[in-house]
Amino acid sequence: MTALMLMTCYSLIGRNFFDSALLGDFELTGVGAGAAIALFMPLCQFKRENIIVDFFTAKCSEATNFRLDRMGDGLMTLIFALLSWRCGLAAINAKETMGASMLLGFPDWIVFTSMCIPFGISALIAAMQALSSMDHTKAST
């Protein structure tokens with residue numbers, strides 16, 4: 001992400017002051033940001049550091065919150081599994097059709113593959129969390 005930020009700054013300075021932009025900077029930023037987001041998802045899910053809006057559940061019992069958290073983990077499992085599946089299909093399609101970015105000709109299948117694998121890992125982590133009974137004592141009280 002730091003490299004993307006420096007590249008964007010270089011391109012903006014070049015475009016605004018020297019009338020020469022870095023070719024394909026928007027493509028590289030999109031590819032890099034998408035891959036970075038996908039690659040950090042397994043760690044985020046593992047640490048349970050997704051954004052949780054607990055406005056409605058703040059006054060619920062610990063057992064209720066535990067059950068809702070497990071349900072949320074189940075939904076995250078489905079979402080990540082669907083994302084991984086669709087990215088896998090998109091990677092296969094992009095490889096077969098030789099899809100590439102407009103300016104740089106960067107192969108699209110590499111981008112989809114770099115997102116498919118971490119989404120699959122995130123789905124596995126979320127499934128393990130959904131099935132876990134780490135704090136089963138909280139749920140039974």
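Numbers below:
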read-out	value
Residue list for the stretch 53-68, restricted to those being at pLDDT below 85 and surrounded by 12 or more Cβ atoms within 10 Å (Cβ to Cβ)	Thr57
Single condition Trp85 does not satisfy, out of (1) surrounded by 12 or more Cβ atoms within 10 Å (Cβ to Cβ); (2) farther than 18 Å from Ser122 by Cα	(2)
Output for the stretch 14-37, where each listed residue is among the small types (Gly, Ala, Ser) and in contact (Cβ under 8 Å) with a residue 60 or more places away in the chain	Gly24, Gly34, Ala35
Number of the exception - Arg48 against (1) touching an Asp or Glu at 6+ places or on another chain (Cβ under 9 Å); (2) part of a helix (DSSP H, G or I); (3) surrounded by fewer than 15 Cβ atoms within 10 Å (Cβ to Cβ); (4) basic (Lys, Arg)	(2)
First in the stretch 1-12 and assigned to a helix (DSSP H, G or I), second anywhere and β-branched (Val, Ile, Thr), Cβ under 8 Å, 6 or more apart	Leu4/Thr29; Met7/Thr29; Thr8/Thr29
Unmet criterion (only one of (1) part of a helix (DSSP H, G or I); (2) over 24 Å from Ile125 (Cα atoms)) for Cys60	(1)
Lys95 exposed (fewer than 12 other Cβ atoms within 10 Å of the Cβ), of a type in the set (Lys, Arg) and at negative phi	no
Condition met for Ala100 (on the phi < 0 side of the Ramachandran plot and either among the polar types (S, T, N, Q) or modelled with pLDDT of 90 or more (or both))	no
Residues being in contact with a helix residue (DSSP H, G or I) (Cβ under 6 Å, 6 or more places away or on another chain) and not in a loop (DSSP other than H, G, I, E, B) - total across the stretch 101-115	7
Odd one out for Phe17 among (1) exposed (fewer than 13 other Cβ atoms within 10 Å of the Cβ); (2) modelled with pLDDT of 90 or more	(2)
Any hit, the stretch 124-140, residues being within 30 Å of Gly24 (Cβ to Cβ) and surrounded by 14 or more Cβ atoms within 10 Å (Cβ to Cβ)	no
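Residue-by-condition table, conditions (1) over 25 Å from Leu83 (Cβ atoms); (2) within 14 Å of the chain's Cα centre (by Cα); (3) without any contact (Cβ under 8 Å) to a residue 40 or more places away in the chain:
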{"site": "Pro42", "(1), (2), (3)": "no, yes, no"}
{"site": "Asn50", "(1), (2), (3)": "no, yes, yes"}
{"site": "Glu62", "(1), (2), (3)": "yes, no, no"}
{"site": "Leu68", "(1), (2), (3)": "no, no, yes"}
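The values are calculated or read from the model by the stated rules, or taken from the named source; none is laboratory data. Treat the numbers as computed from the prediction; the structure is a model and nothing was measured. As a convention, Cβ positions derive from the backbone with ideal geometry for all residues, glycine included, and neighbour counts pool all protein chains shown.
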